[in-house]
Amino acid sequence: MNHHERPLNDTGNHPPHGHIETGPGLPDHAASGRLGGLLVAWRWPLMVVGLAAAAISFWPAQQLAFDRSVENMFAPDDPLLAPYHKLQRTFGGNEVALAAYDDPQLLTQAGMDRLEELTAALEHVPGVSTVFSLTRSPLLGKQLISWPVKSQRDAFIKVCEGYTVSADHRTAAVICVFAPESENSTPRTETVDLLREQIDKIAPGGVLTGEPVMVVDGFRYLDEDGQRLGVASTFLLSLIIVLCFRSLRWVIVPMAVVYTALLITEAILVASGFRMSMVSSMLWAILAVIGIATVVHVVIGFRELRGDGLLPPVAMRATIVSLAGPVFWACTTDLSGFGSLTVSRVGPVHDFGIMMSLGAMATLASIILLVPGLSLFGRWDVDPHRAWGEQHLDLGLHRLSSLIERRPKLLALLVVAITGPPVLGSWFLEAESDFTKNFRRSSPIVGAYNFVESKLGGAGVWDVIVPVPTTSDPDFLPHVRKLEDRLRSEVKIADAESGEVQPGLTKVLSVVDALDGLVPGAKIDANKLEATLAPLKKQMPIVALLDGRDPRDGNRQWLRIMLRSRERQGSKQKEELIRQVTDISQQEFPEAQVTGFFVLLTRLIESMLGDQWTTFVLSTSGIFLMMLAAFRSVQIALITLVPNALPIMVVMGLLGWLGLKMNMGAAMIAAVSMGLAVDSSAHYIYAFREYRALGQSIPLAMRSVHQSVGRAVVFSTLALIVGFTALCVSQFIPTIYFGVLVSLAMIGGAGGNLVVLPLLLKFVLRKELAAERAAAGHACDAAHVDAKAPHEAERAVRTSTSR
């Protein structure tokens, strides 16, 4: 057999792709036949509609913006948000950035002058409501150095250590409190950029940190990725498609499908009031998977039919007839995979599920509108060609199908041996709660966090808020002081590497510390606290952040205890830290609440990891129902899940064994990859049934599918993997994870559908296979008897004559 030729059926004829609806005993293709006829007949109006939709969507799509709010990453009713919103309402904002720089001469007049210059400059940056440094105190900067009462000066500096000055007094910091976004028109990005500009100007080598800064930088990188990586991926995809089919037309067709679907999706999102989240930069990549994989199947089918001598319109109609069913069910499985994400309580994941569901439908619409017209427009470069060296791929696929036929048990054992151990690693998966790990080590934000962690003892900012008694209580402040002492002394955490137990909190600060800096051991009645703090707030602006009233809680007064801890810790350490602080705080004040960016970001990734398995189960269940509806066989529906779920479990397990933690890019892989990979299973089963309906035996039908569907799977997987390599240069680590893990899952899915799925089919159809072999054996025996009959008759005649 020449492996570049289309496979023969058992009667020695080519399977008539374009006319399988007329073959005896075939499924009813009347609906797909009518659809193919309509799409080809109306290809010009449909193409015009598709291009017009893309043109109309272009401007609205450019208006799609990011939702940069951390709280919107959670479901509106998430219990974590209630104390966070109380913190915002009561204390007028909780987004804090820290500008820090080294100055060995800090506690000199020149050092204080430089610090005041920077403090004043940062104070006037739009979007900043309050600043605080050593120069903003009752002991004003120029007087601090020569303050006559050394004990007061030292006490004040001690209060500020870890916030505005390092323990060795060689690093200064300015606390910048951002105005709430609802009360401020300046975008956070602009505020952060202006702060950095002033730091570079006045204190070269200084850094800017804080969760708001980290979020701004994260979205900045995502925005850059959306522009730069989209272009790079398009170029790489186009290059691979050119090499595979040696046709510029068939580069234009899939690219037009993907970009039209992207524009339509983004325009719908804008019209619906949606905004992009931290995982939305992956939108283009997923649409590329759906669009290109489908068009490659069209290219392979169309090319084969053109090789049979059919005219282009007839070949396109026949291709649509053959692929209408599998493409429809492939899209429904995509919707099932993406739709499962909408049950997540993590905002970005939920929104991504909605976005991708819209994107999958837009991709299907783009294929219907554009592929027939663009494929048949004009006479230039109509036919896709064979790739250089494609005969080697044909030979490899032929040998693989022969191996599956001859050595199924050996292959099954190899699959179990190769995939079994890695799958077990999924038990060891951990969430990556260190948000700085979402950036490359060389990025400015990681350098800034390393600086602050080493110089000031911790960049993680969070809070405990406690209610002030409404009646007279002279013991309230001592009680708060006791809570602070317990937090400082009792909260311990084991170092992840050395195991050494160390203090979990690097700084604890409240109005008690501010008062103690002036009058050590001050004992003020709770009823008089607000009046006592009023003049102090004017002299020390940071005190205004430590006391406030909640307008939605009967204007009740609350105190805020600001906490600092190391940001760069593992999720287990952070969870333990939060638990200890919560337990101690509620032991002293039952109504105490623990919140802040540190808490939210820690729980965010944990929630994503927990949701991953929920969405995976829902996705798998939905896909099973889709396959059951498509093939009306429980066994077939079940075996389509295995070759696609297995690679995902292997990839997740490898992450666990290698100690790589789950971030936002990895947490959605299971459900998304399941929905994407099962597309090839739908194409495989459909084609297998068609070849069987043509009269092919089970082994020959599998060889035929490997030469048609198998080739399309290999080409589409190759194109997408090369295209996804562009994601590996992203500045945002979850994007890199997503590109690498989806590529691995797709490689595994391709292998699963070309090796595991045929093995499972042979197992499910083992009775039919045995019957075929028995029938083939009887046919051989009959043929052998028929061949021997003339010789036996001749021998009998000779015997009779001799007698």
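The values are calculated or read from the model by the stated rules, or taken from the named source; none is laboratory data. As the structure is a computational prediction, the values presented were derived from the model and not from experiment. Neighbour counts are summed over all protein chains in view; Cβ atoms, including those assigned to glycine, are modelled from backbone coordinates with ideal geometry. For the accessible areas, the whole protein counts, side chains as well, though only heavy atoms, and no ligand, DNA or RNA atoms are used. Shrake-Rupley method; radii C 1.70, N 1.55, O 1.52, S 1.80 Å.
Odds and ends about this structure:
- Accessible-area composition of the chain, carbon plus sulfur, in percent [1.4 Å probe]: 61
- Take every pair of alpha-carbon atoms less than 8 Å apart whose residues are at least six positions apart; their mean separation over the length of the chain yields a relative contact order of 21 percent.
- Membrane-span-like helices of the chain, defined as complete DSSP H segments with a Cα extent of 30 Å or more along the helix axis and a mean Kyte hydropathy of at least 0.5, are identified as 211-245, 249-271, 283-307, 312-339, 347-376, 597-631, 634-658, 698-724.
- Residue-averaged 222 nm ellipticity for the chain, from DSSP H runs of 4+ at -39500 (n - 2.57), nearest 500: -21500 deg cm²/dmol
- Potential lengthening between His85 and Asp168 on full extension [0.36 nm per residue; Cα-Cα distance subtracted]: 26.3 nm
- If the chain linking Ser472 and Gln635 were pulled fully straight, counting 0.36 nm for each residue of separation and taking away their Cα-Cα distance, it would gain 51.3 nm.
- Rolling a 1.4 Å probe across all protein chains gives Asp611 an accessible area of roughly 30 Å².
- Inter-label distance for Asp583 and Ile418, nm, one decimal - labels placed 7 Å from Cα along Cα-to-Cβ: 4.8
- Unsatisfied cross-links (Cα-Cα over 29 Å) in the set Lys437/Lys482; Lys455/Lys572; Lys455/Lys528; Lys158/Lys492; Lys86/Lys455: Lys437/Lys482; Lys455/Lys528; Lys86/Lys455
- Set against the 2.2 N^0.38 Å expectation for a compact globular protein, the range 605-708 has a Cα radius of gyration ratio of 1.29.
- For Lys528, solvent-accessible area (1.4 Å; no DNA, RNA or ligand), Å²: 130
- The range 454-584: C-alpha gyration tensor shape, a/c 1.5 cut-off, then a/b vs b/c: prolate
- Distance in nm between pseudo-label sites at Lys572 and Ser402 (7 Å out along the Cβ direction from Cα): 5.2
- Difference of contour (0.36 nm per residue) and Cα-Cα distance, Lys158 to Arg386: 74.5 nm
- Label-point gap, in nm, between Lys482 and Asp525 - each point 7 angstrom along Cα→Cβ: 2.1
- Paramagnetic label zone (point 7 Å from Cα along Cα-to-C-beta, Ala110; backbone N under 19 Å) in the range 163-203: 169-173, 201-203
- Where Leu413, Leu208, Leu760 fall by accessible area, highest first, once all protein chains stay in place (1.4 Å): Leu413, Leu760, Leu208
- Here the ratio of the Cα radius of gyration of the chain to 2.2 N^0.38 Å is 1.22.
- Sites Arg275 and Phe58 - FRET efficiency at Förster radius 22 Å, r taken between beta-carbons, to 0.05: 0.75
- Accessible heavy-atom area order of Ile721, Ile623, highest first, probe of 1.4 Å: Ile721, Ile623
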